[in-house]
1. Just a yes or no: is a residue in the stretch 229-252 among the aromatic types (Phe, Trp, Tyr), buried (at least 16 other Cβ atoms within 10 Å of the Cβ) and assigned to a loop (DSSP other than H, G, I, E, B)?
2. Does residue 217 satisfy the criteria of being surrounded by 14 or more Cβ atoms within 10 Å (Cβ to Cβ) and farther than 22 Å from residue 32 by Cβ?
3. Only one residue in 46, 93, 113, 125 is at pLDDT below 95 and in contact with a Phe, Trp or Tyr (Cβ under 6 Å, 6 or more places away or on another chain), so which one is that?
4. Are any residues in the stretch 154-185 crowded, with 19+ Cβ neighbours inside 10 Å and touching a strand residue (DSSP E or B) at 6+ places or on another chain (Cβ under 7 Å), and if so, which ones?
5. List every residue pair whose Cβ atoms sit under 7 Å apart, with the two residues 6 or more apart in sequence or on different chains, where the first one lies in the stretch 130-144 and is under 15 Å from residue 78 (Cα atoms) and the second, anywhere, is surrounded by fewer than 21 Cβ atoms within 10 Å (Cβ to Cβ) and of a type outside the set (A, V, I, L, M, F, W, C).
6. Only residues that are over 35 Å from the mean Cα position of the chain (by Cα) and either closer than 30 Å to residue 28 by Cα or of a type in the set (Ser, Thr, Tyr) (or both): list them for the stretch 228-271, please.
7. Against the definition (of a type outside the set (A, V, I, L, M, F, W, C), within 23 Å of residue 30 (Cβ to Cβ), without any contact (Cβ under 8 Å) to a residue 60 or more places away in the chain and not assigned by TED's automatic domain parsing to the domain that holds residue 153), how does residue 180 come out, yes or no?
8. Go through the stretch 20-43 and count every residue that is modelled with pLDDT of 90 or more, more than 19 Å from residue 207 (Cβ to Cβ) and either more than 29 Å from the chain's Cα centre (by Cα) or surrounded by fewer than 23 Cβ atoms within 10 Å (Cβ to Cβ) (or both).
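The values are calculated or read from the model by the stated rules, or taken from the named source; none is laboratory data. In this text the structure is predicted, and so the values were computed from the model without any measurement. Neighbour counts run over all protein chains shown; Cβ positions are idealised from the backbone, glycine included.
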Amino acid sequence: MLLLALSLSAGTLSDQARISLLTCTPGEELYARYGHTAIRVCDTVQDIDIVFNYGIFDFNTDHFYWKFVKGETWYELGASPYWWFMREYEETQRPVYEQVLNLDSTQREAIWQALVVNYQPENRQYLYNFVFDNCATRPFVLFEQALGDSIVSPYTGYTGVSYRRFIRHYTPQGSWADFGINLLFGPRADQPMNNRQRLFLPEELMRYMSQAHHGSTPMISSEQIGAFAIQPVPWYKTWYFGLVLYFIALCLISLYDRKRQRWSWGIELAIGIPYALLLIIVTFLTFFSCHPLVGFGWRLLILPLTHLCARFIYILR
């Protein structure tokens, strides 16, 4: 950490310095499913090789989980030696793609100084938002501000696709995480994204930057990039299969109730209470949190409709 502190106070970069955009591929944890973005500053003349990372958060923050539910999670800019940053990805065998920015010495210095200023304790923290302000949007905005020019790209990617479909692309189809997204996301998630709104996901930012220009200058001088690999979910672990088992179990209970001519109120409570809690959670997130895409939608009816269909065996006896 002493070496890092010395590097951050080194002053002007040399002419040999380079600044890169790092794109980290997805991990198995839910928070890592969408990959990650960071900025690398490498100057061999001054022995600087630092990664700036806008994805740092602290589980030990007071009332962390309550703030997380409300969408009031404060993230911060972290800085670490390149080798230390890369260690986790090497251990988990997750590729990290690198795009070297095509900058002159003045532009490199402007980005470097902006990062150093943002890393000051009073500037590090920001109110994280998964869609509008995260580890991918922050570097893009910083680049534009430091260059004093807009970054444009002919890459269209997922322009016009809804937030729901775009996010689900990075979630294994049929997984329980996929099911949760469908339940929690409301109508706003079905709005189509414009050219820049989709850059909140690291892979899309990487591909956008690959073809981008500022003025007449290409943004990238060299790169090593690839596609994100999304691992499929076995059929027996999908929510589809789980829903079928749920329906069959309710049908069997209905047949049993029909045979004994009595309704299983205990079963109804066991099913109804969790569903009521789900509605309370969605209501809270919709009206009292900062989560932008959560809301009421027809997909919330999947569970009660499945329940009702299975119980018709008893109701129509």
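1. no
2. Taking the combined requirement at face value, the residue satisfies it.
3. Numbers: 46 fails: in contact with a Phe, Trp or Tyr (Cβ under 6 Å, 6 or more places away or on another chain); 93 fails: in contact with a Phe, Trp or Tyr (Cβ under 6 Å, 6 or more places away or on another chain); 113 fails: in contact with a Phe, Trp or Tyr (Cβ under 6 Å, 6 or more places away or on another chain).
On inspection, the qualifying residue turns out to be 125.
4. Across the stretch 154-185, the qualifying residues are 164, 184, 185.
5. 135/55
6. 254, 256, 264
7. Working: of a type outside the set (A, V, I, L, M, F, W, C): yes; within 23 Å of residue 30 (Cβ to Cβ): yes; without any contact (Cβ under 8 Å) to a residue 60 or more places away in the chain: yes; not assigned by TED's automatic domain parsing to the domain that holds residue 153: yes.
For residue 180, the condition - of a type outside the set (A, V, I, L, M, F, W, C), within 23 Å of residue 30 (Cβ to Cβ), without any contact (Cβ under 8 Å) to a residue 60 or more places away in the chain and not assigned by TED's automatic domain parsing to the domain that holds residue 153 - is met.
8. Within the stretch 20-43, residues that are modelled with pLDDT of 90 or more, more than 19 Å from residue 207 (Cβ to Cβ) and either more than 29 Å from the chain's Cα centre (by Cα) or surrounded by fewer than 23 Cβ atoms within 10 Å (Cβ to Cβ) (or both) number 2.
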